[in-house]
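Okay, so here's the structure we're looking at.
The values are calculated or read from the model by the stated rules, or taken from the named source; none is laboratory data. No experiment lies behind these values; they were computed from the predicted model shown. Here Cβ is always computed from backbone atoms with ideal geometry, including for glycine, and neighbour counts include all displayed protein chains.
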Amino acid sequence: MIKNKNKVAIISTSLGNGGAEKFASLLSFMLENLNIEVHNIIINDGIDFESGGALLNLGIDGESRFPFFKKIKKGFLLNQYLKEKQIDVVIDNRSRNNLARELITNWIYGNRKKIAVVHSFKLDNYFPKSVFWSQFLYRKTDKIICVSNAIEKEIQLKFNLKNTTTIYNSYDFSRSKIRKQVVNAEDYILYFGRLDDKVKNFNLMLEAFSISKLFEQGIKLVLMGDGPDLNTIEDSIKTFQLERHVAILPFTSNPFDIVQQAKFTLLTSRYEGFPMSIVESLALGTPVVAVDCQSGPREIVIDEYNGLLVENYNVKNLASAFKRMFADQDLYTFCKDNAVKSVAHLSIETISKQWETILS
């Protein structure tokens with residue numbers, strides 16, 4: 001346990017429905033349990049996940065006719081809050097690719113201990129285009145936390161930064177009601193997460209499901225979440241003539257009963273960070289079929305042990321993996337039996353200790 005009660009600010013774009021947002025929520029509870037005074041600061045108004053500690057919502061004023069002045073006001077309020085609350089450590093959980101904005105933000109953070117979190121293999125979301133300016137911004141950061149080993153290696157390779165470390169995303173069901181025994185009313189396979197086609201590649205998922213013809217056995221594909229591409233996905237479902245076989249459910253912060261009842265869960269992303277949906281699925285005893293995209297799945301999914309890991313963009317192999325999880329009962333049972341223990345090292349107790357080390 002950290003003896004002194006550090007004051008830590010977790011700064012996020014929002015606490016809306018997304019992996020980085022869920023991370024911020026869980027981290028706030030982890031740090032609170034470590035006897036740390038936690039302050040959640042969100043730039044934009046959007047709260048789907050509860051959080052521990054205090055909350056400052058800089059986005060509650062709504063839209064402004066003069067967005068530039070609104071940004072200045074947010075910066076002023078952030079600076080004032082950090083001083084008033086005597087914040088010792090800033091954990092920056094935002095996207096950070098705008099050079100001018102980040103130069104100002106670094107000035108606002110001042111001499112406080114700074115920890116930057118990188119959630120995606122697409123480093124353009126977290127670093128300015130210029131290698132020089134990226135090095136300038138990050139070289140004095142106390143620690144760059146990468147959510148996968150693949151991200152850490154890519155940062156070291158691209159920017160030659162040495163102040164990196166990997167801490168995986170954790171899972172925690174302590175504030176969620178989950179039934180211990182579930183009986184499947186019908187068979188379905190499940191994707192749950194953000195409906196963002198540029199990242200998640202729903203066309204690959206839908207085409208593979210169409211080729212697999214699992215729907216001829218009465219098996220449905222369920223998509224659960226919200227995001228910018230709902231209409232695009234609905235159009236793709238019509239293109240593949242899957243209207244009667246694909247269901248779309250709204251986002252919920254507690255999807256775990258539905259995850260637990262799924263035959264298996266899916267991930268078909270173009271790139272990832274360390275997808276929490278895979279971790280949560282396995283922790284609930286539900287196997288995973290995932291593509292081997294850049295960063296994440298290969299550090300979680302062990303092929304033919306807790307699920308199937310498939311070459312990315314290979315629609316025929318993906319369709320075969322879908323069918324195999326139904327046809328090969330021995331394989332499926334083996335993967336299901338191994339699911340929970342395969343992510344035991346990602347429990348909140350283990351990951352909390354790693355954060356405790358960083359902050360102390």
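Here are a few things to note about the model shown:
- Screening the candidates Lys129, Lys153 for the property of being in a helix (DSSP H, G or I) and without any contact (Cβ under 8 Å) to a residue 40 or more places away in the chain yields one hit, Lys153.
- Check on Leu195, more than 23 Å from Lys323 (Cα to Cα), in contact with a Ser or Thr (Cβ under 9 Å, 6 or more places away or on another chain) and either outside any loop (DSSP other than H, G, I, E, B) or at pLDDT 95 or above (or both): yes
- Check on Ile189, surrounded by 20 or more Cβ atoms within 10 Å (Cβ to Cβ) and outside any strand (DSSP E or B): no
- Residues located in region 264-278, provided they are under 22 Å from Glu311 (Cβ atoms) and buried (at least 21 other Cβ atoms within 10 Å of the Cβ): Phe264, Thr265, Leu266, Leu267, Thr268, Ser269, Glu272, Gly273, Phe274, Pro275, Ser277, Ile278
- Any hit, region 162-170, residues being in a helix (DSSP H, G or I) and surrounded by fewer than 17 Cβ atoms within 10 Å (Cβ to Cβ): no
- In region 321-328 there is at least one residue matching the filter, namely being over 14 Å from Ile189 (Cβ atoms), over 22 Å from the mean Cα position of the chain (by Cα) and not hydroxyl-bearing (Ser, Thr, Tyr).
- Inspection of region 255-266 identifies at least one residue that is closer than 28 Å to Val118 by Cβ and among the aliphatic types (A, V, I, L, M).
- Residues located in region 229-269, provided they are touching a residue at least 40 places away in the same chain (Cβ under 8 Å), touching a Leu at 6+ places or on another chain (Cβ under 7 Å) and of a type outside the set (A, V, I, L, M): Phe256, Gln260, Thr265, Thr268
- The set of residues in region 121-140 being modelled with pLDDT of 95 or more and of a type in the set (D, E, K, R) consists of Lys122, Asp124.
- Condition check for Ala150: among the small types (Gly, Ala, Ser), within 24 Å of Lys7 (Cβ to Cβ) and under 23 Å from the mean Cα position of the chain (by Cα): no
- Residues that are surrounded by fewer than 14 Cβ atoms within 10 Å (Cβ to Cβ) and within 24 Å of Arg298 (Cβ to Cβ), drawn from region 117-148: Asp124
Residue-by-condition table, conditions (1) under 22 Å from the mean Cα position of the chain (by Cα); (2) touching a residue at least 12 places away in the same chain (Cβ under 8 Å); (3) closer than 27 Å to Lys200 by Cα:
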position	(1), (2), (3)
Lys113	no, yes, no
Phe121	yes, yes, yes
Asp124	yes, yes, yes
Lys158	no, yes, yes
Leu161	no, yes, no
Thr166	yes, yes, yes
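- Where a residue in region 306-332 is farther than 13 Å from Pro287 by Cα and its partner, wherever it lies, is in a strand (DSSP E or B), with Cβ under 6 Å and at least six apart: Val310/Val291; Asn312/Val291; Asn317/Val310; Leu318/Val310
- In region 338-355, the residues that are part of a helix (DSSP H, G or I) and either on the phi > 0 side of the Ramachandran plot or surrounded by 14 or more Cβ atoms within 10 Å (Cβ to Cβ) (or both): Asn338, Ala339, Val340, Ser342, Leu346, Ile348, Ile351, Ser352, Gln354, Trp355
- Number of residues in region 103-135 that are under 25 Å from Ser295 (Cα atoms) and of a type outside the set (A, V, I, L, M) equals 16.
- Residues of region 67-99 classified as in a loop (DSSP other than H, G, I, E, B) and more than 26 Å from Ser130 (Cα to Cα), total: 4
- Among the residues of region 97-113, those identified as exposed (fewer than 13 other Cβ atoms within 10 Å of the Cβ) and closer than 17 Å to Gln80 by Cβ are Trp107, Gly110, Asn111.
- Extreme residue, nearest to the chain's Cα centre (by Cα), among residues of region 1-54 that are charged (D, E, K, R), closer than 29 Å to Phe68 by Cα and surrounded by fewer than 18 Cβ atoms within 10 Å (Cβ to Cβ): Asp48
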